[in-house]
Amino acid sequence: MEKLLEIKDLKISFKTFFGEVEAVRGVTFDVGKKETIAIVGESGCGKSVTAAGIMQLLPMPPAFYKGGEIIFDGENLLDKNEKEMQGIRGKRIAMIFQDPMTSLNPTMRVGDQIVESLIKHTGMSRKEADQKAIEMLELVSVPQPEKRVRQYPHEFSGGMRQRVMIALAMVCDPQLLIADEPTTALDVTVQAQILDLMKDIQQKFGMSIIIITHDLGVVADVADRLVVMYAGQILEQGTTEEIFENPMHPYTRRLLGSVPRLDMSKDKPLNSIDGTPPDLYIPPKGCSFYDRCSDAMKVCKENLPDFTEHTDEHKSRCWLNHPMVIMKKDTRGGQA
């Protein structure tokens, strides 16, 4: 598959009063053209920082790029200045933020916000942009678009505001859409509608999508591949089918085990992962999941292994699956 985006050994840190916080630590993945990638993990694992880093939306200072490359359509975005990035944001790469109520300008009509983006990036006349705004609201199934285009964000429900955000993101026909928790605070029915809408729009426009979420249930039918992040690092990645059927990292297995199931007894408590992610002010030397992992070994505390490839698309970063440890288990009768 032809690659649209390549993230290579990306490192992003924040300067704080106490020292450097390493929020993203050597992240590497790619996104193919017309492909949907989901970045999953608990809150505070670096997902949103990675997304904002791609768009260069992080406040600098305190944030800074410590290393790596962000290759988009053959160009390294880290070599771009702010003026050049303004021509890319919204036009070639668009983003849907977590909370549409705070992301939309409460003092502007939704139509004006869509028109503003169109005029800036395409040079359309006001009349043409007004008509395009109505067409975009109709595309995302907002009823009575001719009327709603003149309303303010507070006059929309949560699901409708999210549809407006999608319309705003898609209005300039971007190559890449980044959706940061696009279904947060929405009920299950509306979640399904928003995800179906994103799939329909992807088919119409032929764009690539990065979905950021902590909910694996959200991406089961949407994403082609999953990237599992924890404590600023990728611990496992592969096709959605492979990871759901055969998760190889203990953290991924615990995430999947935390997803509520329809066949669960109402008396059975929901599964959770004990403990909290580590403090990235002083990141651990070895596997970041060591303190919370029931399968942890001594080697996990001090050393993080390279990725072990299970198939062409599926790989994980865990000593349990490392060829050297597996070989020792075989020779010692199951003892690592």
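The values are calculated or read from the model by the stated rules, or taken from the named source; none is laboratory data. From a predicted model like this one, the values you see are computed outputs, not experimental measurements. Ideal geometry is used to build each Cβ from the backbone, glycine not excepted, and the neighbour counts take in all protein chains shown.
I'd like to verify a number: residues in segment 114-129 that are of a type in the set (S, T, N, Q) and surrounded by fewer than 19 Cβ atoms within 10 Å (Cβ to Cβ), how many?
Of segment 114-129, the ones of a type in the set (S, T, N, Q) are 117, 122, 125.
Next cut, surrounded by fewer than 19 Cβ atoms within 10 Å (Cβ to Cβ) only: 122, 125.
The number of residues fulfilling the criteria is 2.
Determine the pairs where a residue that is under 16 Å from Leu57 (Cα atoms), located within segment 70-83, has a partner that is of a type in the set (A, V, I, L, M, F, W, C) and assigned to a helix (DSSP H, G or I) with Cβ atoms under 6 Å apart, the partner being 6 or more residues away or on another chain.
Pairs that qualify, where the first residue is under 16 Å from Leu57 (Cα atoms) and the partner is of a type in the set (A, V, I, L, M, F, W, C) and assigned to a helix (DSSP H, G or I), are Ile70/Ile54; Ile70/Leu77; Ile70/Leu78.
Within the set of pairs 6+ apart or on separate chains, which have a first residue in segment 174-194 that is within 23 Å of Gly46 (Cα to Cα) and buried (at least 17 other Cβ atoms within 10 Å of the Cβ), a second that is at pLDDT 80 or above and aromatic (Phe, Trp, Tyr), and C-beta atoms under 6 Å apart?
Hits for this filter: Asp180/Phe97.
If I filter segment 80-99 down to residues being small (Gly, Ala, Ser) and crowded, with 16+ Cβ neighbours inside 10 Å, which single residue comes out as nearest to Ala52 (Cα to Cα)? Full working, then the answer.
Applying the first criterion (small (Gly, Ala, Ser)) to segment 80-99 yields 87, 90, 94.
Filter again for crowded, with 16+ Cβ neighbours inside 10 Å, leaving 90, 94.
Values: Gly90: 13, Ala94: 11 Å.
Filtering first and then ranking leaves Ala94.
Is it the case that segment 251-262 has a residue that's modelled with pLDDT of 75 or more, of a type in the set (Ser, Thr, Tyr), surrounded by 11 or more Cβ atoms within 10 Å (Cβ to Cβ) and under 19 Å from Gln233 (Cβ atoms)?
Within segment 251-262 (the criterion being modelled with pLDDT of 75 or more, of a type in the set (Ser, Thr, Tyr), surrounded by 11 or more Cβ atoms within 10 Å (Cβ to Cβ) and under 19 Å from Gln233 (Cβ atoms)), the answer is yes, since at least one residue qualifies.
If I ask for residues that are of a type in the set (Ser, Thr, Tyr) and surrounded by fewer than 17 Cβ atoms within 10 Å (Cβ to Cβ), which ones from segment 26-44 would you list?
Matches in segment 26-44: Thr28, Ser43.
Kindly provide the set of residues from segment 183-213 that are modelled with pLDDT of 80 or more and not in a helix (DSSP H, G or I), ordered by number.
Within segment 183-213, Gly206, Met207, Ser208, Ile209, Ile210, Ile211, Ile212, Thr213 qualify.
Against the definition (without any contact (Cβ under 8 Å) to a residue 40 or more places away in the chain, within 20 Å of Val40 (Cβ to Cβ), surrounded by 19 or more Cβ atoms within 10 Å (Cβ to Cβ) and not β-branched (Val, Ile, Thr)), how does Met198 come out, yes or no?
On the way: without any contact (Cβ under 8 Å) to a residue 40 or more places away in the chain: yes; within 20 Å of Val40 (Cβ to Cβ): yes; surrounded by 19 or more Cβ atoms within 10 Å (Cβ to Cβ): yes; not β-branched (Val, Ile, Thr): yes.
For Met198, the condition - without any contact (Cβ under 8 Å) to a residue 40 or more places away in the chain, within 20 Å of Val40 (Cβ to Cβ), surrounded by 19 or more Cβ atoms within 10 Å (Cβ to Cβ) and not β-branched (Val, Ile, Thr) - is met.
Considering each residue of segment 33-59, count those that are of a type in the set (A, V, I, L, M) and closer than 16 Å to Leu226 by Cα, and give that number. Walk me through it before giving the result.
Kept after step one, since they are of a type in the set (A, V, I, L, M), are these residues of segment 33-59: 37-40, 49, 51-52, 54-55, 57-58.
Then drop every residue that is not closer than 16 Å to Leu226 by Cα, which leaves 37-40, 51.
Qualifying residue count for the region: 5.
Please name all residue pairs, on different chains or six or more residues apart, with Cβ atoms under 6 Å, provided the first residue is in segment 1-25 and is surrounded by fewer than 15 Cβ atoms within 10 Å (Cβ to Cβ) and the second residue is not hydroxyl-bearing (Ser, Thr, Tyr).
If the second residue must be not hydroxyl-bearing (Ser, Thr, Tyr), the pairs left are Met1/Gly32; Glu2/Lys33; Asp9/Gly26; Asp9/Gly68; Lys15/Pro61; Lys15/Pro62.
Regarding Ala167, is this residue under 19 Å from Glu138 (Cα atoms) and surrounded by 24 or more Cβ atoms within 10 Å (Cβ to Cβ)?
So Ala167 fits the description; yes.
May I ask you to verify whether Leu77 is closer than 25 Å to Lys33 by Cβ and surrounded by 15 or more Cβ atoms within 10 Å (Cβ to Cβ)? Write out each step before concluding.
Numbers: closer than 25 Å to Lys33 by Cβ: yes; surrounded by 15 or more Cβ atoms within 10 Å (Cβ to Cβ): yes.
Answer is yes for this residue.
Name the pairs: first residue in segment 269-282 and within 17 Å of Thr16 (Cα to Cα), second residue part of a loop (DSSP other than H, G, I, E, B) and at pLDDT below 85, Cβ to Cβ under 8 Å, at least 6 apart or on different chains?
Tyr281/Phe18
Looking only at segment 4-39, which residues are at pLDDT below 90, in a strand (DSSP E or B) and not small (Gly, Ala, Ser)?
Residues satisfying the conditions are Thr16, Glu20.
Among the residues of segment 84-107, how many are of a type outside the set (A, V, I, L, M) and either touching a residue at least 60 places away in the same chain (Cβ under 8 Å) or touching a strand residue (DSSP E or B) at 6+ places or on another chain (Cβ under 6 Å) (or both)?
8
Tell me which residues, restricted to segment 216-246, are part of a loop (DSSP other than H, G, I, E, B) and in contact (Cβ under 8 Å) with a residue 60 or more places away in the chain.
Val222, Ala223, Asp224, Ala231, Gly232, Asn246
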